[in-house]
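Quick notes on the structure that follows.
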Amino acid sequence: MKRHLLSAADLDRDDALLVLDTAAELAQLTDRAVKKLPTLRGRTVVNLFFEDSTRTRISFEAAAKRLSADVINFSAKGSSVSKGESLKDTALTLEAMGADAVVIRHHASGAPHRLAHSGWIQGSVVNAGDGTHEHPTQSLLDAFTMRRHLAGGKGDLEGRKITIVGDVLHSRVARSNVLLLATLGAEVTLVAPPTLLPVGVETWPCATSYDFDAHLKDADAVMMLRVQRERMNAAFFPSAREYSRRYGLDARRMAQMPDHAIVMHPGPMNRGMEIAAEVADAPRSVIVEQVANGVSVRMAVLYLLLGGATLGDGTEA
Amino acid sequence: MSSTTYVIRHAQVLGGEPADLVLRDGVIAEVTAGGAASADGATEIDATGLVALPGLVDLHTHLREPGREDAETVESGSRAAAAGGFTAVFAMANTDPVADTAGTVEQVWRLGHEAGLVDVQPVGAVTLGLGGQQLAELGAMATSAAQVRVFSDDGKCVHDAVIMRRALEYVKAFDGVVAQHAQEPRLT
Ligand SMILES: [Zn+2]
């Protein structure tokens, strides 16, 4: 593995499987009432969040703590960052505090890359979501969840058909998922109104479609993306009603999915918008499990980046 | 009607030499030299001196219904169209109410269907109430019984470039077309 995790594309197939296998092992250990492992004792993990995301921050915090790391939460709100301190100055401060890993969430696409490659800090950088760019640990937890349900918890996702629906344009989750799932051999179809597909999506390793109904019957997993109602004001779609009718997952559409197929959502959900409440709460919905798997996967990432074992030569490609 | 056979005699097809057109089951079955087609049980129509053309399509009509039935109705507009050789007309959306919902376009489509003279294809408004501010439910109109594929705010013009871009992208999902009255309201 590389020293940083900035993009799902940083992981080749072996790296990705190593993370997933490690996560499975760690999940087993923490299931066995061993809530805390001593692996990262004395190491410092900084959660550097320039954008509010309680869910992601808590997940990384729980992961680091279960590995006995010291955790510093650095939120941009109320800090000197909001008074205009630059990313560089913040990074130098963290470096002085001896951060072994910096988990960064930033509203600007590319901020984690800048943090990792400007020589400001020595530690590993983990991208916890940057702008509309990437969210690699989300894609890892999604793949982990799919593998559990669709591949017996082992190996890759060769030939599995994954339908990802919604606001792809603004979604770092979609981008990271397409990259990682392609690496793992899955066949991804992105479904969205044309207004919510990014320019250049035809170069991504996936198919695209405007027709949700055409991609239900053969789907092994259907992943719904959050759609913000504010997008309507920017004319990406006419109304919430039309959006749900064309691109929402309701009971009628869910009934067309194969029996084994699962429903996923990275959260937080807009119930009644992209996903009907009865679908979100259906037995085949694994949305709550995704949250639990997020901790295991983030433990694995921190463990592999910091803990040592099978880290490769530590150089950047 | 479709089981009947017609022979149209001495029509100048696209203005060419006079010819006979044999229409069987609603389609042109045969074209012969003028006067050569067998009339065997067919209804004959003498078209000497007349030109035969394919059915014309008018992409821009105002049938005024609903709302201004005193000026025109779908039925009267259909009749005028058929008399002029048009087999399909597209009815612009500036009715009252505006044709910006599935309900209104279906109403216009059904009126055309009931008149039964030409294909009446409602044009859907691009924006709500032709207001230029918010996209109308283009997808709902496209999947309605009217199967709308052409959208336009006609004389109101979609003058917001962002709305226009979104509309052009959005209609790709159902092979739609946006027809623009190309006028910049701030300049005219
Ligand atoms: Zn007009």
In percent, what relative contact order does segment B:55-149 have, based on Cα pairs under 8 Å that are 6 or more apart in sequence? 27 percent
Cα lying deepest toward the dipole's positive end in chain A, options A:VAL191, A:ALA8, A:ILE104, charges on Cβ: A:ILE104
Spin-label point model (7 Å from Cα, Cβ direction): what's the A:ASP52 to A:ARG241 distance in nm? 3.1 nm
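Ignore the peptide's own chain and count Cβ atoms of other chains within 10 Å of each Cβ in B:175-181; give me the average, rounded. Each step should come with its number before you reach the end.
Working: counts 1, 0, 0, 0, 0, 0, 0.
So the per-residue partner count for this stretch is 0.
Report the local net charge at A:LYS36: Lys and Arg +1, Asp and Glu -1, summed over other residues whose C-beta lies under 9 Å from its C-beta. Show your work: numbers first, answer last.
Numbers: positive: A:LYS35, A:LYS65, A:ARG66; negative: none.
Counting the neighbours of A:LYS36, the net charge comes to +3.
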Enter the mean number of other protein chain beta carbons within 10 Å of the beta carbon of each residue in A:236-246, as an integer. 5
FRET E, pair B:ALA42, B:VAL177, Förster distance 41 Å, beta-carbon r, rounded to 0.05: 0.55
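Quick one: length gained pulling B:ALA161 to B:THR188 fully straight, 0.36 nm per residue minus the C-alpha distance?
Gain on stretching B:ALA161 to B:THR188: 8.0 nm.
At a Förster radius of 45 Å, what calculated FRET efficiency corresponds to the Cβ-Cβ distance of A:ASP89 and B:ARG149, to the nearest 0.05?
The formula returns an efficiency of 0.20 here.
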Checking A:HIS215, A:HIS107, A:HIS133 against a Gaussian network model of chain A (alpha-carbon springs below 10 Å), the top fluctuating residue turns out to be A:HIS107
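To the nearest 20 debye, what is the magnitude of the charge dipole of the protein assembly as shown about its Cα centre, counting +1 on the Cβ of each Lys and Arg and -1 on the Cβ of each Asp and Glu?
Details: 48 positive and 62 negative charges, 540 e Å.
Computed charge dipole of the protein assembly as shown: roughly 2600 debye.
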With angles folded into 0 to 90 degrees, how steeply does helix B:74-83 sit against the dominant principal axis of chain B? Use alpha carbons for both and round to 10. 40 degrees
For the pair A:HIS107 and B:ASP70, how long in nm is the line joining their label points, each one 7 Å along Cα→Cβ? 5.5 nm
Approximate spin-label separation B:LEU50-A:ALA234, in nm, with each point projected 7 Å along Cα-to-Cβ: 5.8 nm
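Based on Cβ point charges of +1 for Lys and Arg and -1 for Asp and Glu, what charge dipole magnitude is obtained for segment B:1-53 about its Cα centre, in debye rounded to the nearest 20?
Values: 2 positive and 7 negative charges, 17 e Å.
Roughly 80 debye, rounded to the nearest 20.
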So if I take the centroid of the Cα atoms in segment A:115-165 and the same for segment B:19-78, what is the distance between those two points in Å? 63 Å
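Lys and Arg at +1, Asp and Glu at -1: add these up for the other residues within a Cβ distance under 15 Å of B:ALA88 and post the number.
Numbers: positive: B:ARG79, B:ARG149; negative: B:ASP58, B:ASP119.
Charge balance near B:ALA88 sits at 0.
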Determine the calculated [θ] at 222 nm for the protein assembly as shown from helices alone, applying -39500 (n - 2.57) to every DSSP H run no shorter than 4 residues and normalising by the residue count; nearest 500 deg cm²/dmol. -9000 deg cm²/dmol
Can you tell which of A:ARG57, A:ARG253, A:ARG298 shows the greatest fluctuation in a Gaussian network model of chain A with Cα springs below 10 Å? A:ARG253
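What is chain A's relative contact order, in percent, from Cα pairs under 8 angstrom and six or more apart in sequence?
Working: 623 pairs, mean separation 67.9, N = 317.
Computed over chain A, the figure is 21 percent.
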What FRET efficiency do you get for A:LEU37 and A:ASN73 if R0 is 30 Å and r is their Cβ-Cβ distance, rounded to the nearest 0.05? 0.90
Set Lys and Arg Cβ to +1 and Asp and Glu Cβ to -1, take the dipole of the protein assembly as shown about its Cα centre, and tell me which of A:VAL288, A:GLY200, B:ALA146 lies farthest positive. A:VAL288
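Using Cα pairs under 8 angstrom and six or more residues apart, how large is the relative contact order of chain B, in percent? Before the final figure, lay out each step's value.
Values: 406 pairs, mean separation 25.8, N = 188.
So the answer I get is 14 percent.
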Please check: in the Gaussian network model of chain B (C-alpha springs, under 10 Å), which one of B:ARG110, B:ARG64, B:ARG165 has the largest mean-square fluctuation. B:ARG165
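Give, in nm to one decimal, the length gained when the segment between A:ASP12 and A:ASP281 is fully stretched (0.36 nm per residue of separation minus the Cα-Cα distance).
On the way: separation 269, 0.36 × 269 = 96.84 nm, distance 3.43 nm.
Difference between extended and current length: 93.4 nm.
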Using each residue's phi in segment B:152-163, evaluate 6.51 cos²θ - 1.76 cosθ + 1.60 at θ = phi - 60° and report the 3J(HN,Hα) Karplus result to the nearest Hz, with x for Gly and Pro. 7, 9, 6, x, 6, 6, 8, 9, 8, 5, 5, 4
From the Cα trace of the protein assembly as shown, what convex hull volume per residue do you get, rounded to a whole Å³? 214 Å³
Count charges around A:PRO205 for me, please; just the other residues with Cβ under 12 Å from its Cβ, Lys/Arg as +1, Asp/Glu as -1. -1
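Every read-out reported here was derived from the displayed coordinates using simple, explicitly stated rules and does not represent laboratory data. On a predicted model such as this, the values are computed, not experimentally measured, just so you know. For neighbour counting, all protein chains shown are included, and Cβ atoms are generated from backbone atoms with ideal geometry for every residue, glycine included.
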